[in-house]
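See structure below.
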Amino acid sequence: MLDTQSDEGYITADGRKIGGVAMEMRNITLRFGGVVAIKDISFDIRWGEIRAIIGPNGAGKSSMLNVISGFYHPQEGEVIYKGYKRPKMKPYQVARQGIARTFQNIALFEGMSVLDNIMTGRMHHMKANMLQQALWWGRASREEDENREQVEKIIDFLEIQHIRKTPVARLPYGLKKRVELARALAAEPSILLLDEPMAGMNVEEKEDMCRFILDVNDEFGTTTVLIEHDMGVVMDLSDRVVVMDYGKKIGDGTPDEVRGNEDVIRAYLGVSHD
Amino acid sequence: MLYREAGDFKTSYVADSQTFPIKFDRFGYYAILAIAFLGIPLVINDYWANSIVVPFLIYTIAALGLNILIGYCGQLSLGTGAFMAVGAYGSYKLMTAFPELNIIFVIIAAGVITAGVGVLFGLPSLRIKGFYLAVATLAAQFFLIWLFTRQAWFYNYSPTGMISAPTREVFGFPVTGPRASAVSMYMICLCFLVASAWLARNLTRGTLGRQWMAIRDMDIAAEIIGVNPLMAKLTAFAVSSFLIGISGALLFTVYLGAAEAGEAFGIDKSFLVLFMVIIGGLGSIFGAFAGAAFLIVGPVMLKLLLVNTLGWPTDLAAHLEIMIIGALILVFLIVEPHGIAALWRTIKEKLRLWPFPY
Ligand SMILES: Nc1ncnc2c1ncn2[C@@H]1O[C@H](COP(=O)(O)OP(=O)(O)OP(=O)(O)O)[C@@H](O)[C@H]1O
Ligand SMILES: [Mg+2]
């Protein structure tokens, strides 16, 4: 199946256009002392696709996302982004290159309002210098208004108008996850990384979140990397799936392909471990 | 007129993000400004200027500065006294080296110098956090005071080891030195305070302020979503020290007139400003005002009450004053750990819904 996809991309069954390779992970190995979190894994992410990473607990999924965000630096292997090998860089530099993310354990700024949290996501679109900001003059005030407008669009899109001014600390779990998605979207990322965006949600919240992820991908063509435990969700949402187990890649392909993969079935049925 | 947002519709995001979204607040703010600029100068005398008003204005600037560092950026500092000393000694060196330079520029330049020193001593914040950083800033406190008391160049080799401010004028009115009147002292401090508060407000409501708060609330997540921690922390140290430097320069030139680093800018000053920030409310511009008012006006009011009204002996009153203020701080922190600003917000929220709480 993968061989039949040309480098320029392909059209999915539901008519979305998937482009060429946006990012390629080449032979990534990541160790923490004696623990090998990722063992020689390679895969690629194409423009416009929803790429899922699945696997049992401790498989190394979050670690892989952290490698992509530049928070962990793998001992071996390289990250190719937009056709170039990415030099070792700090997480904020990676973010500046158009990679935004959410976290497995919500990492919102608890002391700030929902609006301020989402506005923080837009910092790379705000270029006023410190003096202009101090005097609220010229670029500073203009940028604030322009970016507020963009943020309001995201707020409408994710249906969180009613909590705009609420301090984040007061929000229930499900809404926090949504605000975190909003903050990531505010960056207008080229690649969006979502670490278990639906964990701990009830059915209704999960459905909403699924819809948002699909809509974002549909409307803005945002390339999305998604870690999720709920197999039903993964099968519904993703174009291609990487399956990890004990730091190794044991499957890679369309949802149907990985579902039929022996290793994957074994890992999930808990034959090798529980 | 009821205290309401209703009927006060925002037609644009500009209006929505302004400092005082409620009309009543905006009105109150203009009224206070009018009283401060037009009313108080008519009635102020030497006693009120020296005992309450001028120190309140000056310490509020310092509290604004420290609040940016601790309250907005989450970096603990105990070096406030020393940074005020940098402002004071900076202004002294500038005044004596360039007698022609207008005092306004001297004070601003002293702030800039302090900003530089603050950035230097802020560098450890990139590696250490919390109490460890506090200890590092404590080292800055002792080192700088040592420098100003032992290196004679800083006090121009004066035999007393003190620095004293020569007379300087603004628009022909002396604002420093023995001939400065209460009104001119008051006005120059007020202008600096209003400008400082405006600056602090602008910086904290924009993208830089949000980056500071992001570092404060969760530094690792902040960095992963794109905040450069180096930039955020050092700008916070710079802005904070700038304001603290201005406060120190004003304290020395306008208020004290003569000073010696160890006595005027010791560790007790660091704690005084820290208490102001904590009692007033971390991460709140209003909190800086409230905290400074509490700790400057409070003791004087107590003294007036105990000595002048009740006729107690001065030394007994002084001891009691410390105990009462200390007790009040404790009570306050237990009742409302987020400071006067939070208390005020709660009251306003209740007021907004009053008389129908649902
Ligand atoms: N900072 C770290 N220091 C040491 N070990 C780590 C660190 N981060 C991850 N690990 C280890 O790496 C392995 C993979 O962890 P990771 O969080 O990537 O798994 P995961 O697939 O996301 O699991 P889960 O489904 O539970 O979120 C685990 O054994 C974990 O203990
Ligand atoms: Mg994980």
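Structure summary
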quantity	calculated
Residue check, A:ILE45 modelled with pLDDT of 95 or more, within 14 Å of another protein chain (Cβ to nearest Cβ) and either crowded, with 18+ Cβ neighbours inside 10 Å or within 12 Å of ligand 2 (Cβ to nearest atom) (or both)	no
Qualifying residue in the stretch A:30-39 (condition: within 12 Å of chain B (Cβ to nearest Cβ) and either more than 10 Å from ligand 1 (Cβ to nearest atom) or of a type outside the set (Gly, Ala, Ser) (or both))	no
Only listed residue being more than 16 Å from ligand 1 (Cβ to nearest atom) and either touching a helix residue (DSSP H, G or I) at 6+ places or on another chain (Cβ under 6 Å) or closer than 24 Å to A:SER69 by Cα (or both), chosen from A:GLU152, A:GLU188	A:GLU188
Some residue of the stretch B:213-222 being of a type in the set (Gly, Ala, Ser) and out of contact with any helix residue (DSSP H, G or I) (no Cβ under 8 Å at 6 or more places or on another chain)	no
Verdict on A:GLU78 being away from ligand 1 (no atom under 16 Å from the Cβ), over 22 Å from A:ILE38 (Cβ atoms) and of a type in the set (Asp, Glu)	no
Hits in the stretch A:191-208 (condition: surrounded by fewer than 21 Cβ atoms within 10 Å (Cβ to Cβ) and away from ligand 1 (no atom under 16 Å from the Cβ))	A:ASN202, A:VAL203, A:GLU204, A:GLU205, A:LYS206, A:GLU207, A:ASP208
Hey, A:ARG16 within 16 Å of ligand 1 (Cβ to nearest atom), in contact (Cβ under 8 Å) with a residue 40 or more places away in the chain and either within 14 Å of chain B (Cβ to nearest Cβ) or more than 14 Å from the chain's Cα centre (by Cα) (or both) or not	no
Residue check for A:VAL234: more than 24 Å from A:ILE155 (Cβ to Cβ), touching an Asp or Glu at 6+ places or on another chain (Cβ under 7 Å), assigned to a helix (DSSP H, G or I) and of a type in the set (A, V, I, L, M)	yes
Subset tally (residues that are more than 8 Å from chain B (Cβ to nearest Cβ) and crowded, with 20+ Cβ neighbours inside 10 Å) for the stretch A:95-108	2
Count - residues of the stretch A:18-40 that are within 19 Å of A:THR224 (Cβ to Cβ) and either within 16 Å of ligand 2 (Cβ to nearest atom) or part of a strand (DSSP E or B) (or both)	6
Wholly enclosed helices (runs of 4 or more DSSP H) of the stretch A:89-202 bearing at least 2 residues under 26 Å from B:VAL239 (Cα atoms)	A:91-96, A:114-120, A:130-135, A:139-157
Hey, A:VAL79 modelled with pLDDT of 95 or more and away from ligand 2 (no atom under 16 Å from the Cβ) or not	yes
Cβ-Cβ under 7 Å pairs, at least 6 apart or on other chains, the stretch A:54-70 side within 21 Å of A:ARG86 (Cα to Cα), far side near ligand 2 (Cβ under 8 Å from one of its atoms)	A:LYS61/A:ILE227; A:SER62/A:GLN104; A:SER62/A:ASP195; A:SER62/A:ILE227; A:LEU65/A:ASP195; A:LEU65/A:ILE227
Counted residues, the stretch B:169-186 - those being crowded, with 21+ Cβ neighbours inside 10 Å and of a type outside the set (Phe, Trp, Tyr)	5
Of all residues making up the stretch A:189-207, the number that are within 14 Å of chain B (Cβ to nearest Cβ), over 15 Å from A:LEU108 (Cα atoms) and within 13 Å of ligand 2 (Cβ to nearest atom)	1
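Residue by residue, here is whether (1) over 25 Å from B:ARG345 (Cα atoms); (2) open to solvent by 10 Å² or more (accessible area, probe 1.4 Å); (3) touching a Gly at 6+ places or on another chain (Cβ under 8 Å) holds:
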{"site": "B:ALA238", "(1), (2), (3)": "yes, yes, yes"}
{"site": "B:ALA259", "(1), (2), (3)": "yes, no, no"}
{"site": "B:ILE267", "(1), (2), (3)": "yes, yes, yes"}
{"site": "B:GLY283", "(1), (2), (3)": "no, yes, yes"}
{"site": "B:ALA292", "(1), (2), (3)": "no, no, yes"}
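So that you can scan it fast, the table gives a plain yes or no per residue for (1) at the interface with chain A (Cβ under 7 Å from one of its Cβ atoms); (2) without any contact (Cβ under 8 Å) to a residue 24 or more places away in the chain; (3) among the aromatic types (Phe, Trp, Tyr):
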{"position": "B:PHE192", "(1), (2), (3)": "no, no, yes"}
{"position": "B:ALA200", "(1), (2), (3)": "no, no, no"}
{"position": "B:LEU203", "(1), (2), (3)": "yes, no, no"}
{"position": "B:ARG210", "(1), (2), (3)": "yes, yes, no"}
{"position": "B:ILE220", "(1), (2), (3)": "no, yes, no"}
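The values are calculated or read from the model by the stated rules, or taken from the named source; none is laboratory data. It should be emphasised that the depicted structure is a prediction, and the values quoted were computed from it without experimental measurement. No Cβ is skipped: glycine too gets one built from the backbone with ideal geometry, and neighbour counts run over all protein chains shown. In case anyone asks, the SASA skips ligands and DNA or RNA and just uses the protein heavy atoms, side chains included. Shrake-Rupley method; radii C 1.70, N 1.55, O 1.52, S 1.80 Å.
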